[in-house]
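K.L.:
Would you mind keeping the following structure in view while I ask a few things?
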Amino acid sequence: MLDASFRFKSLMQVVSEQNDPIDFAFPSAELNLRIDRALTQANTDGPCFDLRFTKRKGREICVPRDFETAILLRRLNENVRRITRVRQNDRNYIVSCLSQLLGNGLPFVVARYDIKKFYASIDRDELRRICSVRLRSSGTTRRMLEKFLSDLDMAGASGIPAGLALSGTLSELFLSEMDKRISRSQGVHFYSRYVDDIVIVADPNLTDFDLTERIFDCLPSGLRLNSTPGKKYFILLPKKESRGGPSEYSFDYLGYNLTTSKVFSEANHDKTLNARKLTIDISKSKINKRKTRFILSIKQYLRDGNQDDLMDRFLLINSGYRFYDRSSGRRLSGGMCNSYPLIDHPSPALRELSSFYSSVFSSRSSSLAGRLALAPLTRRNRKRIQYFDLCAHVQQKKYVGFDERKLSQLMGVWRHA
């Protein structure tokens, strides 16, 4: 049974006794005192959550300033998540479902939409209304959530800020009714949403206008779709080929690129089922991001001459890694080998990235290649990068083990890239 109270015992359930004292820079012996302080914050009038707001790529990001705020947010998030039973969809599960649908021989329309400035556009008054209904069974949770929203009011924040696990849970709760309505609407075979990215597979007779109108009808007040090029995709996968038409269709979703042929092939022995050839790879934008991070790593090496850090950053760009998330108080996984388990091998995207690494050292037109030729980078390290078998590395799911401080130091070079 869920203990939704804010007491010493319930707060201890969301504390990481190993990581929190280190991450928030206080002695482990003070842990009980800190929890008592958090309880005092929770039970007094006035501001409760000490939040720090920053801007990253034009987006408002929020993090807890202290341990007390962090554990109150974790307890509140756990309560909301378990009472309402909302959770974010699994990214790889969504792409897996898409691949199964797009790989069969039926005609579909495939559409992708993006909600503009999602977190910042959430109407907090409407969120309060939804939460008052969905959290009616726990007055304590409603009270603490109102404190959180009131603190956002006082801080002049827009909507709910990104960066907190609680914001993710509240955003799912905010759109849960919309998700139900669209997924159950006529002609929709598959609907899913990952944060602000919507994907729909529907009957071939439905138009872009039809689906856009359905979303508009279901979107809560204040939210709208993004019309920026690249944020929207709509295509008809026909039943039969037409002369002069494209031989394949390709679109990106959640960091993956899905490419399906228009040509049908007989997929079983009795020739009753047709199928399209479907390939899954890493999207171009995600490959370009890793190219940028590699270049920034090279430039940092040319400034500080630290070969060990250069090689560590190279492995970090191309491997999986685990880290402690202050917001949720949990250890999570990230990185190349963790993020793309569904890609087909051999992967053209990985081959392209591997070739890029080699070309940085060998290209005659690259200014970096000339500077690297004069840098005291050992021959062994040059070869480790130039002849790195990225495809095998990713396929074998190689992980690197860096502590949180080392991860922060290495990743600081490309923090905004």
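The values are calculated or read from the model by the stated rules, or taken from the named source; none is laboratory data. From a predicted model like this one, the values you see are computed outputs, not experimental measurements. Don't worry about glycine lacking a Cβ; one is built from the backbone with ideal geometry, like all the others, and counts go over all protein chains shown. Surface areas here come from the heavy atoms of the whole protein model, side chains and all, with no ligands, DNA or RNA. Shrake-Rupley method; radii C 1.70, N 1.55, O 1.52, S 1.80 Å.
K.L.:
Which of the lysines could a cross-linker span from residue 239 if the Cα-Cα distance has to be under 20 Å and same-chain partners fewer than 8 positions apart are dropped?
P.N.:
In chain and number order, the partners are 262, 271, 277.
K.L.:
Identify all lysines with a Cα-Cα distance to residue 289 below 19 Å; exclude those on the same chain that are fewer than 8 residues away in sequence.
P.N.:
57, 231, 299
K.L.:
Listed highest first by mean packing, meaning other Cβ atoms within 10 Å per residue, what order do 123-135, 194-206 come in? All intermediate terms of the calculation are to be shown ahead of the outcome.
P.N.:
Working: 123-135: 15.1, 194-206: 18.4.
Order by mean packing, descending: 194-206, 123-135.
K.L.:
For the chain, which whole percent of the accessible surface, found with a 1.4 angstrom probe, sits on carbon and sulfur atoms? Don't jump to the answer; show the numbers that get you there.
P.N.:
Values: 10060 of 21150 Å².
Here it works out to 48 percent.
K.L.:
Would you check the accessible area of residue 6, probe 1.4 Å, heavy atoms only, in square angstrom rounded to 10?
P.N.:
Result for residue 6: roughly 20 Å² accessible.
K.L.:
Just to be sure I understand the model, the point goes 7 Å from the Cα along the line to the Cβ. What's the resulting residue 368 to residue 330 distance in nm?
P.N.:
For the pair residue 368/residue 330, the computed spacing is 3.5 nm.
K.L.:
Give or take rounding to whole Å, what are the principal axis extents of the alpha carbon atoms in the chain, in descending order?
P.N.:
That works out to 70, 64, 39 Å along the principal axes.
K.L.:
Between residue 125 and residue 344, 0.36 nm times their residue separation minus their Cα-Cα distance comes to what? Present the calculation step by step, with values, prior to reporting the outcome.
P.N.:
On the way: separation 219, 0.36 × 219 = 78.84 nm, distance 4.53 nm.
Extending this stretch completely gives an extra 74.3 nm.
K.L.:
Let me ask another. Considering Cα pairs under 8 angstrom that are at least six residues apart, work out the relative contact order of segment 95-229 and quote it in whole percent. Spell out each step's value before the answer.
P.N.:
Numbers: 138 pairs, mean separation 52.5, N = 135.
39 percent.
K.L.:
Could you tell me which of 120, 14, 300 has its Cα farthest along the dipole of the chain towards the positive end, charges placed at Cβ (Lys, Arg +1; Asp, Glu -1), taken about the Cα centre?
P.N.:
Toward the positive end, the furthest listed residue is 300.
K.L.:
What whole-number value in Å² describes the accessible area per residue of segment 344-384 for a 1.4 Å probe? Numbers along the way, then the final one.
P.N.:
Numbers: 2540 Å² over 41 residues.
Per residue, segment 344-384 has an accessible area of 62 Å².
K.L.:
Next up: Got a sec? Charge dipole of the chain, +1 on Cβ for Lys and Arg, -1 for Asp and Glu; which of 400, 48, 133 is way out at the positive end?
P.N.:
Sorting the options by dipole projection puts first 400.
K.L.:
Sticking with this structure for a sec: Kindly provide the Kirkwood hydrodynamic radius of segment 82-199 in Å, to one decimal, from all pairs of distinct alpha carbon atoms. Intermediate results must be reported in sequence, preceding the final value.
P.N.:
Values: mean 1/r = 0.0625 Å⁻¹.
It works out to 16.0 Å.
K.L.:
Let me ask another. Rounded to the nearest 10 Å², what accessible area does residue 192 show when all protein chains are kept and the probe is 1.4 Å?
P.N.:
10
K.L.:
Still on this model: Ignoring everything but the protein chains, give the 1.4 Å probe accessible area of residue 189 in square angstrom, nearest 10.
P.N.:
Rounded to the nearest 10, that gives 100 Å².
K.L.:
A further question on this structure: What is the antiparallel percent of DSSP beta bridges lying wholly in the chain, to the nearest 5?
P.N.:
Values: 45 of 47 bridges.
Just about 95 percent of them are antiparallel.
K.L.:
Quick one: which residues, 5+ away or cross-chain, put their amide H under 5 Å from the amide H of residue 51? H built at 1.01 Å from N.
P.N.:
Sorted by chain and number, the residues that satisfy this are 65.
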